[in-house]
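Undergrad: One structure follows; several queries about it will come next.
The values are calculated or read from the model by the stated rules, or taken from the named source; none is laboratory data. As the structure is a prediction and not an experimental result, all values here were calculated from the model. As a convention, Cβ positions derive from the backbone with ideal geometry for all residues, glycine included, and neighbour counts pool all protein chains shown. Just the protein is used for accessible areas: all its heavy atoms, side chains included, with ligands, DNA and RNA removed. Shrake-Rupley method; radii C 1.70, N 1.55, O 1.52, S 1.80 Å.
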Amino acid sequence: MGTEERKNELKMLLKIDQTKDRIIEIQKNMSQPDFWQDQQKSQALSQELSDLNKLIDKFESANSESEILELENQTLFSNEYDKN
């Protein structure tokens, strides 16, 4: 399988389109005037936004064999039971 095919498969496995939608949703929440009133929730959403942006950046910049392999390995350990 070629690099482009692997990257297309990764796009589905990593749910890149849904991730971009979630980023937009979080950014809308963050623009609300009362966003920072709940410190725990706002910090958790800020961290989630940071993590999602890192994933998107990593995916979009992945062009080499090693970068794509790293993302493929990430899909193996992205379930809820693999977090720790």
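Undergrad: Name the single residue, out of those in the range 63-78 being more than 17 Å from T19 (Cβ to Cβ) and outside any helix (DSSP H, G or I), that is least open to solvent (accessible area, probe 1.4 Å).
TA: Across the range 63-78, the extreme among qualifying residues is S64.
Undergrad: Which pairs do you get when a residue that is hydroxyl-bearing (S, T, Y), found in the range 26-42, comes within reach of a residue that is part of a helix (DSSP H, G or I), reach meaning Cβ atoms under 9 angstrom, with the pair 6+ apart or on two chains?
TA: S42/N29; S42/M30; S42/F35; S42/W36
Undergrad: Please find, within the range 29-62, the residue that is modelled with the lowest pLDDT out of those that are assigned to a helix (DSSP H, G or I), open to solvent by 90 Å² or more (accessible area, probe 1.4 Å) and over 21 Å from K15 (Cβ atoms).
TA: Looking at residues that are assigned to a helix (DSSP H, G or I), open to solvent by 90 Å² or more (accessible area, probe 1.4 Å) and over 21 Å from K15 (Cβ atoms), I get W36.
Undergrad: If you go through the range 25-35 one residue at a time, do you hit one that is basic (K, R) and out of contact with any helix residue (DSSP H, G or I) (no Cβ under 9 Å at 6 or more places or on another chain)?
TA: For the range 25-35, residues basic (K, R) and out of contact with any helix residue (DSSP H, G or I) (no Cβ under 9 Å at 6 or more places or on another chain): present.
Undergrad: Considering every residue within the range 57-74, establish whether at least one is over 26 Å from M1 (Cα atoms) and among the hydrophobic types (A, V, I, L, M, F, W, C).
TA: No, the range 57-74 has no match at all.
Undergrad: Now for a separate question. Run L14 past the list (1) under 15 Å from the mean Cα position of the chain (by Cα); (2) open to solvent by 90 Å² or more (accessible area, probe 1.4 Å); (3) at pLDDT below 95 and report the number of the one that doesn't hold.
TA: (2)
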